[in-house]
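A quick write-up on the structure given underneath.
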Amino acid sequence: MAEVLALVELVELRGYVEGLREAQAYLSPPEGASVTEIFEPRFLKYSVNIHEYYNRVYQANVTRLGGLSPNEAKQIVRFYQLADSVRLDVTAGGSLFEGTTDPDSFCEAADLLEAALKIGRELTGEANKKK
């Protein structure tokens, strides 16, 4: 669980969820926006340098998940799948890395990352700490 905890801490310390939410807000037309503002949307790129092997411990031990409780194994897989989905969006070739005008793309990535963080905190016993 040390790798999960380290990843949760890194995401929190670097403010990735907040950055995604700020990008979402920036791309969302403000209430009372003019026709020009609505039909000339802003464009924004969001990139994070994440190594392909950010989850080395998980990769090295994925075949041993059967030794955990079914729920724990399921949650570990969910954590990494959610995290990897966001990683793919914010690294080379990803939709946010390439840039978009769609605030919902940033919202979805933030939601996925928040879901991963919640699972990570529960797995590591950090659920009652900073959220």
Residue by residue through segment 99-129, note down the ones that are over 21 Å from TYR54 (Cα atoms) and either of a type in the set (Ser, Thr, Tyr) or assigned to a helix (DSSP H, G or I) (or both). THR100, THR101, PRO103, ASP104, SER105, PHE106, CYS107, GLU108
Of the residues in segment 5-54, those that are among the charged types (D, E, K, R), at pLDDT 95 or above and either touching a Leu at 6+ places or on another chain (Cβ under 8 Å) or over 20 Å from SER95 (Cα atoms) (or both) number 4
Candidate set: segment 106-127, residues that are surrounded by fewer than 18 Cβ atoms within 10 Å (Cβ to Cβ) and among the hydrophobic types (A, V, I, L, M, F, W, C); chosen: the one nearest to ARG21 (Cα to Cα): CYS107
Quick one: in segment 82-105, of everything that is of a type in the set (D, E, K, R) and within 15 Å of the chain's Cα centre (by Cα), which residue is surrounded by the most Cβ atoms within 10 Å (Cβ to Cβ)? ASP89
Picked from segment 27-81 (must be part of a helix (DSSP H, G or I) and in contact (Cβ under 8 Å) with a residue 60 or more places away in the chain), the residue surrounded by the fewest Cβ atoms within 10 Å (Cβ to Cβ) is LEU27
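The values are calculated or read from the model by the stated rules, or taken from the named source; none is laboratory data. These numbers come from a predicted model, not from an experiment. When we count neighbours, we look across all protein chains shown, and the Cβ atoms used for this are built from the backbone with ideal geometry, even at glycine.
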